[in-house]
Amino acid sequence: YVAAVYEHESILSPNPAALVDRRSALELMGRNLDIYEQQVVAAARQGAQIIVFPEDGIHGFNFTRSSIYPYLDFVVHSHSVKWNPCREPYLFNDTEVLQRLSCMALKNKIFLVANLGTKQPCEHTDPHCPSDGRYQFNTNVAFNDDGMLVATYRKHNLYFEYAFDTPPDPDYKLFDTPFAGKFGMFTCFDILFFEPAVNLVRQYNLKQVVYPTAWMNQLPLLSAVEFQQAFATAFNVNILAANIHHPTLGMTGSGIYTPVKSFIYHNMEGYGGKLIVAEIPVITTDYKTNLEKTPDRVSEIGNEQVPPTFYAEMMYDNFTFVPVWGEKGELRVCANTLCCYLTYQRAVLTDELYALGVFDGLHTVHGTYYVQACALVKCGGLSFSTCGQEVTDATALIDFQLWGNMSTSYIFPLLLTSGITLDYADHMGWKNNHYFISKNRTSSGLLTAALYGRWYEKD
C-alpha cells in the first residue's frame, strides 16, 4: 500500500503560557491546518492511502494546564458513537479542528491520522477527575477515507506534559483499513514502555502502526529514526512515524519503516516540513530471523593485552567501557548480570576511537525505566572521556558480531551510520541464551551498533 508521513514545522504560539480566547487559538491552529491540507492534497495526488501527522503539530507545546484550554477540541471517547465531523459538524461544540481534519480525509479520499489536544468534562464523583472538572488529553485521531472518526487514542506515557492528564487506563486503539488490515496507534514516549505500545502490538498481533511523535533526538542510542527502525525490526511491523521539525530543539526524524527497509528524513540543518510517500508491503507473515551464521562464545581473552576498563557517561547513564583498538579483536565487558561480547574487524585503521559499552540498570533522567544495553559506539574524540558523546559522522567500516546474555526478551537492535543514516544487520536473533547482531561492512562509517534491551518488569 502507499503511505505518507509529514514532518511538520509547526507555527508556534510566541507565548504559550499566555491565556488567549478560543478564536485566537483557532486562528493559530488554522495556520497549521492550512499546511496539513496542502500536504494531504499532495499525498493523495501521489496515490497515498493513509497519511500521518506529528504530535503537537497543530497547537505546539510548552503550555500550562490553563493556557492550553482554548486549543482543546471536545471528542467523544467511546466506541459506540459513530460520527463524521465533516458531515455532521453541529453534533458537538468545540470541534472545529476535528471538522477540518475530517473534511481533509473525506475530500481527498484518504485515511488520516493527526494529534491534537482534547477535553472531556468529568464528574467530581469520579475519583480521577481533576479539580477543574475536566480531563485534558494528548490525543491521536484517525479518520477513514469518508471522514468518519474511526479511532481516538489518549497518550499514556506523558513526557513532562503538565497541560495533559494520563488516562485512567491505557487505550488499546485499532482501526481497520481495506488496504492493509488493522492499524494500531500510540504516541512518542509510549514507544519506550510496555503499556500500551508493546502490549498492543503483541495482543492484537498487529503488523501496522501509526506513530505521531515530537521527539528530541538523543545520540548515540535514542535518535528518532534509529529507534523507530529498531521498533519495526524488533516487532516485525510497519511503522508510519511523523515527527515535528524544530532542529533548534533537536527535533527531526520521520519515516516509513518496514522490518527490512526504511524511507527516512532526518535534517538538522534545513527548515520547513517534509512529505515522505512510499509504497510498502503489507506484512502477512513473520520474517524468520536468519540464524545460520551465529557466533560462538568468545574464548576468554589472553592476559597479554587485556584492554583497560573505563567509565563514562552516555545517555545520562554510567556505562562501563573497553576501547576497541587495532584492526581486529575479541572483547568482553560486563556490568551487574549483563556481559557484552564483540568480535570485530576493520577494513582500514582510521584515527577514530571506538568503545564497547555496557549498562544494566535503572535509567532515571527524563523518565524512569530499566535498560540493559550493549553498545559499540564511536567516541567524540581520542580520549576515553569522549566516549558516550553525541557524534554524527564517522568513516570507519567495521565488520562485527555483537552479543550479550540479555535477561529480557525485548531487545531493540540499533544500527546507525554516518550522517544519521540507517543500516540493517545481516543476522540477528537468539542463540544459546544470548541475543546477537552481526554485520559485514556497514554501508558508511559506523556510529552506533547496539542491543538496547528494555526490562519492563524492573521499571
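The values are calculated or read from the model by the stated rules, or taken from the named source; none is laboratory data. Computed from a predicted model, the values in this text were never measured in an experiment. Reconstructed Cβ throughout: ideal geometry from the backbone, glycine too, with neighbour counts over all protein chains shown. Heads up: the accessible areas ignore ligands, DNA and RNA and are worked out on the full protein's heavy atoms, side chains in. Shrake-Rupley method; radii C 1.70, N 1.55, O 1.52, S 1.80 Å.
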Fill in the blank from the handout: Within the range 5-32, restricting to residues that are buried (at least 21 other Cβ atoms within 10 Å of the Cβ) and among the hydroxyl-bearing types (Ser, Thr, Tyr), the one that is nearest to LEU275 (Cα to Cα) is TYR6
Problem - Which listed residue is in contact with a Cys (Cβ under 8 Å, 6 or more places away or on another chain), in a loop (DSSP other than H, G, I, E, B) and within 22 Å of ALA17 (Cα to Cα), from GLU55, GLU123 - result: GLU55
Problem - Number of the condition not met by LEU158 [criteria: (1) hydrophobic (A, V, I, L, M, F, W, C); (2) part of a strand (DSSP E or B); (3) open to solvent by 30 Å² or more (accessible area, probe 1.4 Å)] - result: (2)
Practice task
Say whether the condition of being open to solvent by less than 30 Å² (accessible area, probe 1.4 Å), among the aliphatic types (A, V, I, L, M) and closer than 26 Å to THR252 by Cα is met by at least one residue in the range 75-90.
Solution key: no
Problem - Neighbours by Cβ (under 8 Å, 6+ apart or cross-chain): first from the range 123-142, not assigned by the TED database to the domain that holds ASP56; second surrounded by 13 or more Cβ atoms within 10 Å (Cβ to Cβ) and not in a loop (DSSP other than H, G, I, E, B) - result: none
Exercise for the section: Tell me which residues, restricted to the range 363-394, are aliphatic (A, V, I, L, M) and either at pLDDT below 95 or more than 21 Å from GLU195 (Cα to Cα) (or both). Expected result: ALA375, LEU376, VAL377, LEU382, VAL391, ALA394
Handout entry: Given (1) out of contact with any helix residue (DSSP H, G or I) (no Cβ under 8 Å at 6 or more places or on another chain); (2) over 21 Å from LEU192 (Cα atoms); (3) surrounded by 22 or more Cβ atoms within 10 Å (Cβ to Cβ), index of the condition GLY404 fails
Key = (2)
Exercise for the section: Keeping to the range 395-432, report how many residues are modelled with pLDDT of 95 or more, more than 25 Å from HIS266 (Cβ to Cβ) and either polar (S, T, N, Q) or in the same structural domain as PRO259 (by the TED database) (or both). Expected result: 5
Exercise for the section: Under 6 Å between Cβ atoms, at least 6 apart or on separate chains: pull out the pairs that start in the range 373-394 with a residue that is open to solvent by less than 20 Å² (accessible area, probe 1.4 Å) and end on any residue that is of a type in the set (Ser, Thr, Tyr). Expected result: ALA373/TYR452; VAL377/THR448; CYS379/THR386; ALA394/SER418
Exercise for the section: Kindly indicate whether any position in the range 295-311 is modelled with pLDDT of 95 or more and outside any loop (DSSP other than H, G, I, E, B). Expected result: yes
